[in-house]
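So the structure is just underneath, and the comments pick up after that.
The values are calculated or read from the model by the stated rules, or taken from the named source; none is laboratory data. Because the structure is a prediction, the values reported are computed rather than measured. Cβ: placed from backbone, ideal geometry, glycine included. Neighbour counts: every protein chain shown.
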Ligand SMILES: Cc1cc2nc3c(=O)[nH]c(=O)nc-3n(C[C@H](O)[C@H](O)[C@H](O)COP(=O)(O)OP(=O)(O)OC[C@H]3O[C@@H](n4cnc5c(N)ncnc54)[C@H](O)[C@@H]3O)c2cc1C
């Protein structure tokens, strides 16, 4: 989305807006979408998965469609960070705020980890973009691929990782996780499992930040 003086919105990567796209009579219905890149003064980026009519129509919306924005809102932003080391945990389309935070959170190589979970390789969105940011900033990216574990309902791991403990697997990827600020976004049940694993790994609850895409 393009606009003038967008910096005056005071938005940060990781936050979301309620968007109204004025392309059809249904424009009054707002849809929450997170920024998927750090905001620029001339542009804001979102990345949208088709769930129903409101999200699906974005794929065919004519360039130049006017957009009303309301926000910014949200718990995932640099202001909640009080530790230098950061781990971002995402599943599915929950990657959008995490991708923006990769840019928004200042870090030196080794300080920021992204753990990104999807069912198949094709389900990873923004992968080239994420790899480009990681190469530029020195962030470590861990792609965790595999279908859901059928016999272990409360897990953040795929079936092929179900021989591992929930916290054990996290600490294998990020050994000093207990010292990190942690941000989590993804499917509801997956977020609950990821939060429990993060707490079990020793991160105090005050350093764990979640954004739910359900309402
Ligand atoms: C804070 C926040 C940030 C979000 N950021 C993004 C983002 O960056 N990218 C993105 O693709 N989506 C994001 N979403 C989800 C997005 O807002 C919805 O998918 C979208 O508004 C659905 O509208 P729709 O008209 O396409 O679907 P609807 O017609 O409203 O719904 C279609 C079907 O999907 C189900 N459904 C739709 N959305 C959800 C949901 N969120 N949770 C559970 N079931 C749902 C409905 O129950 C219905 O059965 C975010 C949601 C929130 C709350």
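Restricting the search to region 20-49, which residues are within 9 Å of the ligand (Cβ to nearest atom) and closer than 29 Å to residue 131 by Cα?
Correct list: 31, 32, 33, 34, 35, 36, 46, 47, 48, 49.
On the basis of being modelled with pLDDT of 95 or more and either over 16 Å from residue 96 (Cα atoms) or surrounded by 16 or more Cβ atoms within 10 Å (Cβ to Cβ) (or both), does residue 41 make the cut?
Judged against the criteria, residue 41 is not a match.
Kindly indicate the residue of region 73-84 that is within 16 Å of the ligand (Cβ to nearest atom) and touching a strand residue (DSSP E or B) at 6+ places or on another chain (Cβ under 6 Å) and also farthest from residue 125 (Cα to Cα) among those meeting that condition.
Step one: filter region 73-84 for residues within 16 Å of the ligand (Cβ to nearest atom), giving 73-77, 80.
Next, from what is left, pick out any that are touching a strand residue (DSSP E or B) at 6+ places or on another chain (Cβ under 6 Å): 73-76, 80.
Numbers: 73: 23, 74: 22, 75: 22, 76: 20, 80: 26 Å.
Filtering region 73-84 for residues that are within 16 Å of the ligand (Cβ to nearest atom) and touching a strand residue (DSSP E or B) at 6+ places or on another chain (Cβ under 6 Å), the one farthest from residue 125 (Cα to Cα) comes out as 80.
Sort through 60, 87, 65 and tell me the only one that's more than 10 Å from the ligand (Cβ to nearest atom) and surrounded by fewer than 11 Cβ atoms within 10 Å (Cβ to Cβ).
It is 60.
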